[in-house]
Each structure stands twice: as structure tokens, then as C-alpha cells.
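Asker: Below are the C-alpha cells for one structure; questions will follow.
Every read-out reported here was derived from the displayed coordinates using simple, explicitly stated rules and does not represent laboratory data. Owing to the predicted nature of the structure, the values given are computational and were not obtained by experimental measurement. Here the Cβ is made from the backbone with ideal geometry for all residues, glycine too, and neighbour counts use every protein chain on show.
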Amino acid sequence: MTKEETMDYISELEEKLSDSRGELLARPEKIVKEINETTISNSDMGGDIGALAEALAKCQGEFTSVVKGSKAHSYNYADIDAVLKATNQITSKYGVSIIQLNVSKMIGNTPLVGVKTVIAHSAGGYMAGEIYIPTMKTKMNSLVQMAGVNITYLRRYGIQSALGLSTTDNDGSDK
């Protein structure tokens, strides 16, 4: 190969390199992988939903915000006692009961605890939902103690979510 042929060959390679660089720059920055979506339903409803919906509407008309009377770390929260005191008399008046069951499962080696919350009506309608969170021991708490903490947390939020409750600080401002 002559010097001139070599220089022409190098020019061709540089042109190809420039074209390739342009193609790479035109590509999106992130590579998108195909994702297969899986939906897991942890809720159910049945029976006379109309009567349940009517009773819940009446309850919600009487509910007030649950006061955040407990403190942990740097935040205030409404504990399970406050949530139940704010709801039980009203729900009972309209034939609505709250049933909560402890549930658990394993994903691989990770234990999960959960709560199944069932809102039932005296006419037979019900709605139910489950939620799970991973549980592991900490320096200060055993696995069983953390399971109890997590279950109480899930109970509070299960009731608040199912009944449409809000919380407020002691001073009356919503947070």
C-alpha cells in the first residue's frame, strides 16, 4: 500500500468514525428495557355494596380529623387508639364494622407482615384490602417486636385509608 492509499484509507476510517459518533449521539441517553408488568390485587368487595356505600357516606359526613396526639422522633402522628376513638361510635351507629387480621408471607428470605382490613356492613356488604411490608430486626428491637410495630402502623393506615380519614395536629392545622 502506498503512502497515498494509506492516507485515503485513514480518511475513510475517520469519516466512518465520525458517522458512528453522530449515530451514538442521536441515541437516547437511557437504554429502555422491556418490562413485563404484573398486577397483584390485594383487595376485594362483595355483598350489598350499595348499603355499605350509603352507610360510609353517612359516617364520612360525621368524621372529623383525627388528632395527631403521639410523638416519635421528630414528627407527630395519630396512634391506633386515636383512630379507633375517632371512628368506632360513628361506624357502629351506621352498622359498619372494622375487622383487621394479621397476615404474613415470605418473599425469598424476607419475612413480610401485613394487615387485612375488612370494612363490613350489617346488610352484608364488605370491602377488604391487604398490605404487607418487610420486617427485620434492628439493634434495639427483635423481629417479633418489629412485626408488632409494623402491624400497628399498617392497622392505622388501613383504617384511615378505608374510611377516608384525615389527620390534624393539636393546633387544628392539617398536616
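Asker: Using the structure shown, select from 116/137; 71/137; 105/137; 85/137 the pairs with a Cα to Cα distance greater than 28 angstrom. Don't skip to the answer; put the middle values down first.
Answerer: Details: 116/137 22 Å; 71/137 22 Å; 105/137 16 Å; 85/137 31 Å.
85/137, as the Cα separations exceed 28 Å there.
Asker: While we're on this one: So how much slack lies between residue 136 and residue 81, counting 0.36 nm per residue of separation and subtracting their Cα-Cα distance, in nm?
Answerer: 17.3 nm
Asker: Further question on the same structure: Which value in deg cm²/dmol, rounded to the nearest 500, describes the helix-derived mean residue ellipticity at 222 nm for the chain, given -39,500 (n - 2.57) per DSSP H run of n ≥ 4 and division by the residue count? Mind dumping the intermediate values first?
Answerer: On the way: 4 runs with 73 residues, N = 175.
Helices in the chain give a 222 nm mean residue ellipticity of -14000 deg cm²/dmol.
Asker: Kindly rank 116-125, 75-84 from highest to lowest mean number of other beta carbons found within 10 Å of each residue. Walk me through the numbers on the way to the answer.
Answerer: Values: 116-125: 18.7, 75-84: 16.2.
The peptides rank, most packed first, as 116-125, 75-84.
Asker: Cα gyration tensor of region 115-175, axes a ≥ b ≥ c as square roots of the eigenvalues: rounded (a/c below 1.5), prolate (a/b > b/c) or oblate? Could you put the intermediate results ahead of the total?
Answerer: Numbers: a/c = 3.47, a/b = 1.28, b/c = 2.72.
Oblate.
Asker: Which order do the peptides 4-15, 138-149, 61-72 take when ranked by the mean count of other beta-carbon atoms within 10 Å per residue, highest first?
Answerer: Numbers: 4-15: 10.1, 138-149: 12.2, 61-72: 13.8.
For the peptides 4-15, 138-149, 61-72, the packing ranking is 61-72, 138-149, 4-15.
Asker: What shape does region 43-168 have by the C-alpha gyration tensor, where a ≥ b ≥ c are the square roots of the eigenvalues, rounded means a/c under 1.5, and otherwise prolate means a/b greater than b/c and oblate the rest?
Answerer: On the way: a/c = 3.11, a/b = 1.45, b/c = 2.15.
It comes out oblate by the Cα gyration axes.
Asker: So how far apart, in nm, are the two label points at residue 42 and residue 101 if each is 7 Å from Cα heading toward Cβ?
Answerer: Computed distance between label sites residue 42 and residue 101 equals 1.5 nm.
Asker: Moving on. Between residue 72 and residue 60, with labels modelled 7 Å along Cα→Cβ, what's the label distance in nm to one decimal, could you check?
Answerer: 2.7
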